[in-house]
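Trainee: Have a look at the structure that comes next, please.
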Amino acid sequence: MTLTFRALTDDDLAAHSAESADAFGTPVGAAAGTTTPLTTEHRWGLVEGGVLAAQAIDFEYHSYFGGASLPTAGIGNVTVALEYRGRGAARRLMTETLVQARERGAVLSTLFGGAPDLYRRLGYGSIALSQLWRIPLSRFTGIRHSNELRLVRATAEHRVDIARIYRQAAVRGSAMIDRTALALNDRDNSENTTLVVDALGSVHGYLTWSRQQEVVRVRELHADSADSLRTLLSSLATWASVVTDIEVQCTAGEPWWHLLPGSAAPVSVVPYMLRVLDVARAIEGRAWSSDARAQFTLVDDTIPENSGSWDLTVADGQARVVPPTSPTAQPASLTLSAQGFALWYAGTLRADELRGLDLLTGDDPESEHSLDALFAAPAPRVTEHF
């Protein structure tokens with residue numbers, strides 16, 4: 001029989017859940033939906049007869065890059081049944097899923113790279129490390145809170161304030177989810193949100209947390225000032241009599257991280273990976289910090305529409321591109337792989353570093369200099385997990 005790619009429906013739910021349980025060790029049914037309440041999902045699979053051979057979920061949302069919110073496909077729950085491994089099923093599944101994501105309007109795709117080599121071959125680059133931290137409470141002692149600020153429990157009336165604080169954090173970095181059109185605080189009943197407010201009641205930050213046996217799990221910690229961050233951090237130290245650690249999943253270098261008096265080591269690490277699905281919309285849809293012009297040829301075996309010679313011009317922070325299909329397109333001397341382009345776009349590796357990895361080849365010093373001039377980008381911040 002031939003493997004058929006198609007959308008999965010509710011009729012496939014039992015097979016979908018069973019395969020997730022086989023792959024991840026989760027109870028049957030636990031992986032049937034999203035692991036975050038922030039996304040719309042599209043489920044895809046490879047099917048042979050009545051057998052689900054492979055599956056993936058495309059989580060539909062927007063994420064911030066270069067200060068702009070861009071349509072994104074977050075890929076998760078990628079599994080291949082044991083009997084179909086080693087036959088190219090994963091590559092075909094991912095390729096077809098990315099094509100579908102691009103057709104629905106996604107400009108970028110992100111994922112947590114449990115199998116990074118596979119995803120690199122599909123054009124993804126590792127732009128950050130999402131790390132699970134288990135930080136002893138002793139690391140929080142000695143942080144002084146501001147006497148001009150106080151803590152209050154958030155209610156539904158604070159949604160606008162929380163959204164404002166979150167967006168301030170999101171636009172300063174890259175890769176964070178845009179929650180403007182999404183439910184910000186659709187948390188389960190075990191989670192709480194604590195606000196830091198001033199004497200007038202204005203919200204300056206928030207902490208979303210839950211008590212889980214011997215740890216306090218921190219999902220989010222954002223604030224607009226150092227005093228606000230210290231006040232939220234000092235509140236965590238008050239758990240010392242009943243818990244041992246604070247647990248949080250995030251990239252290293254979060255602003256609050258620099259206020260901890262002690263150090264910590266991650267418990268686990270997984271690459272967070274990016275690939276560009278639509279070059280023109282990705283370049284023109286975000287802001288840039290310098291004026292420059294660069295010409296390059298992009299090689300993208302997974303999405304052929306991206307392949308060809310591109311002419312990029314940035315003026316006053318806005319970019320314009322001449323695509324390969326334009327009658328005025330000119331051959332370019334520099335060549336970037338899809339993986340190399342993703343790493344450059346996210347501000348992860350400079351041109352000479354890409355060249356050292358054979359992700360950039362050719363000779364055009366002026367364009368290479370321009371790529372480096374445009375390189376500066378906010379560091380990726382990964383605070384969700386899917």
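The values are calculated or read from the model by the stated rules, or taken from the named source; none is laboratory data. In this text the structure is predicted, and so the values were computed from the model without any measurement. Counting neighbours? That spans all protein chains shown, and the Cβs are built from the backbone with ideal geometry, glycine included.
Trainee: Which ones in region 351-376 are in contact with a helix residue (DSSP H, G or I) (Cβ under 8 Å, 6 or more places away or on another chain), closer than 21 Å to Asp278 by Cα and part of a loop (DSSP other than H, G, I, E, B)?
Mentor: Leu359, Phe375
Trainee: Could we say that Arg219 is more than 21 Å from Gly74 (Cβ to Cβ), modelled with pLDDT under 95 and out of contact with any Pro (no Cβ under 8 Å at 6 or more places or on another chain) here? Don't jump to the end; show me each part of the working.
Mentor: Values: more than 21 Å from Gly74 (Cβ to Cβ): no; modelled with pLDDT under 95: yes; out of contact with any Pro (no Cβ under 8 Å at 6 or more places or on another chain): yes.
No.
Trainee: Okay, next question. Would you check if there is a residue in region 217-230 being charged (D, E, K, R), in the same structural domain as Val152 (by TED's automatic domain parsing) and over 28 Å from Tyr272 (Cβ atoms)? Give the derivation first.
Mentor: At the first step, the residues of region 217-230 found to be charged (D, E, K, R) are 217, 219-220, 224, 227, 230.
Subset that is in the same structural domain as Val152 (by TED's automatic domain parsing): 217, 219-220, 224, 227, 230.
Now drop any that are not over 28 Å from Tyr272 (Cβ atoms), which leaves 227.
Yes, because at least one residue in region 217-230 is charged (D, E, K, R), in the same structural domain as Val152 (by TED's automatic domain parsing) and over 28 Å from Tyr272 (Cβ atoms).
Trainee: Hey, Pro327 hits all of (1) outside any strand (DSSP E or B); (2) more than 25 Å from Val269 (Cβ to Cβ); (3) touching a residue at least 12 places away in the same chain (Cβ under 8 Å) but one; which does it fall short on?
Mentor: (3)
Trainee: Give Ala319, Ala292 a once-over and let me know the one that is among the small types (Gly, Ala, Ser), touching a Phe, Trp or Tyr at 6+ places or on another chain (Cβ under 9 Å) and more than 25 Å from Glu96 (Cβ to Cβ). Don't jump to the end; show me each part of the working.
Mentor: Numbers: Ala292 fails: touching a Phe, Trp or Tyr at 6+ places or on another chain (Cβ under 9 Å).
When all the criteria are applied, what remains is Ala319.
Trainee: Before we move on, is Ala342 buried (at least 17 other Cβ atoms within 10 Å of the Cβ), in contact with a helix residue (DSSP H, G or I) (Cβ under 8 Å, 6 or more places away or on another chain) and under 23 Å from Thr110 (Cα atoms)? Outline the logic, then answer.
Mentor: Working: buried (at least 17 other Cβ atoms within 10 Å of the Cβ): yes; in contact with a helix residue (DSSP H, G or I) (Cβ under 8 Å, 6 or more places away or on another chain): no; under 23 Å from Thr110 (Cα atoms): yes.
When the stated conditions are applied, Ala342 does not pass them.
Trainee: Could you check region 291-313 and list, in sequence order, the residues that are small (Gly, Ala, Ser) and either assigned to a strand (DSSP E or B) or over 24 Å from Pro365 (Cα atoms) (or both)?
Mentor: Passing the criteria: Ala292, Ala294, Gly308, Ser309.
Trainee: Turning to a different aspect of this structure: So Thr40 fits all but one of (1) of a type in the set (S, T, N, Q); (2) farther than 20 Å from Ala73 by Cβ; (3) surrounded by fewer than 17 Cβ atoms within 10 Å (Cβ to Cβ); (4) modelled with pLDDT of 75 or more; what number is the exception?
Mentor: Every listed condition holds for Thr40 apart from (2).
Trainee: Looking at Ser210, Ser234, Ser138, can you tell me which residue is more than 24 Å from Phe65 (Cβ to Cβ), modelled with pLDDT under 95, assigned to a strand (DSSP E or B) and of a type in the set (Gly, Ala, Ser)? Talk me through it step by step, then tell me what you get.
Mentor: Values: Ser234 fails: assigned to a strand (DSSP E or B); Ser138 fails: assigned to a strand (DSSP E or B).
Only one candidate passes the filter, namely Ser210.
Residue-by-condition table, conditions (1) without any contact (Cβ under 8 Å) to a residue 40 or more places away in the chain; (2) in contact with a Cys (Cβ under 8 Å, 6 or more places away or on another chain); (3) within 30 Å of Ala115 (Cβ to Cβ):
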{"residue": "Pro136", "(1), (2), (3)": "no, no, no"}
{"residue": "Ala163", "(1), (2), (3)": "yes, no, no"}
{"residue": "Met176", "(1), (2), (3)": "no, no, yes"}
{"residue": "Trp209", "(1), (2), (3)": "yes, no, no"}
{"residue": "His222", "(1), (2), (3)": "no, no, no"}
{"residue": "Leu236", "(1), (2), (3)": "no, no, no"}
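Trainee: I would also like to ask the following. Answer yes or no as to whether Ala240 is modelled with pLDDT under 90, under 21 Å from the mean Cα position of the chain (by Cα) and in a loop (DSSP other than H, G, I, E, B). I'd like the intermediate steps shown before the answer.
Mentor: Values: modelled with pLDDT under 90: yes; under 21 Å from the mean Cα position of the chain (by Cα): no; in a loop (DSSP other than H, G, I, E, B): yes.
So Ala240 does not fit the description; no.
Trainee: Also, quick follow-up: Would you call Leu343 modelled with pLDDT of 95 or more, more than 30 Å from Arg179 (Cβ to Cβ) and not in a loop (DSSP other than H, G, I, E, B)?
Mentor: On the way: modelled with pLDDT of 95 or more: yes; more than 30 Å from Arg179 (Cβ to Cβ): no; not in a loop (DSSP other than H, G, I, E, B): yes.
No.
Every residue, every condition in (1) out of contact with any helix residue (DSSP H, G or I) (no Cβ under 6 Å at 6 or more places or on another chain); (2) surrounded by 14 or more Cβ atoms within 10 Å (Cβ to Cβ); (3) closer than 21 Å to Ile246 by Cα, yes or no:
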residue	(1), (2), (3)
Gly113	no, yes, no
Thr141	no, no, yes
Thr155	yes, no, no
Ala170	yes, yes, no
Ser202	yes, no, no
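Trainee: Out of the residues in region 1-27 that are among the aliphatic types (A, V, I, L, M) and not in a helix (DSSP H, G or I), which is modelled with the lowest pLDDT?
Mentor: So the first thing to find is which residues in region 1-27 are among the aliphatic types (A, V, I, L, M), and the list is 1, 3, 7-8, 13-15, 18, 21, 23.
Pick out the ones that are also not in a helix (DSSP H, G or I) and you get 1, 3, 7-8.
Values: Met1: 58, Leu3: 92, Ala7: 94, Leu8: 93.
Once the filter is applied, the top-ranked residue is Met1.
Trainee: Of the residues in region 244-290, how many are part of a loop (DSSP other than H, G, I, E, B) and surrounded by 17 or more Cβ atoms within 10 Å (Cβ to Cβ)?
Mentor: 8
Trainee: When you go through (1) touching a helix residue (DSSP H, G or I) at 6+ places or on another chain (Cβ under 9 Å); (2) free of Cβ contacts under 8 Å to residues at least 60 places away in the same chain one by one for Pro304, which number turns out not to apply?
Mentor: (1)
Trainee: Could you look through region 98-121, keep only residues that are touching a strand residue (DSSP E or B) at 6+ places or on another chain (Cβ under 6 Å) and in a loop (DSSP other than H, G, I, E, B), and pick out the one that is modelled with the lowest pLDDT?
Mentor: Across region 98-121, the extreme among qualifying residues is Gly113.
Trainee: Another question, if that's okay. Only one residue in Leu349, Leu354, Leu371 is at pLDDT 95 or above and closer than 26 Å to Tyr64 by Cα, so which one is that?
Mentor: Just a single option satisfies the conditions, and that option is Leu354.
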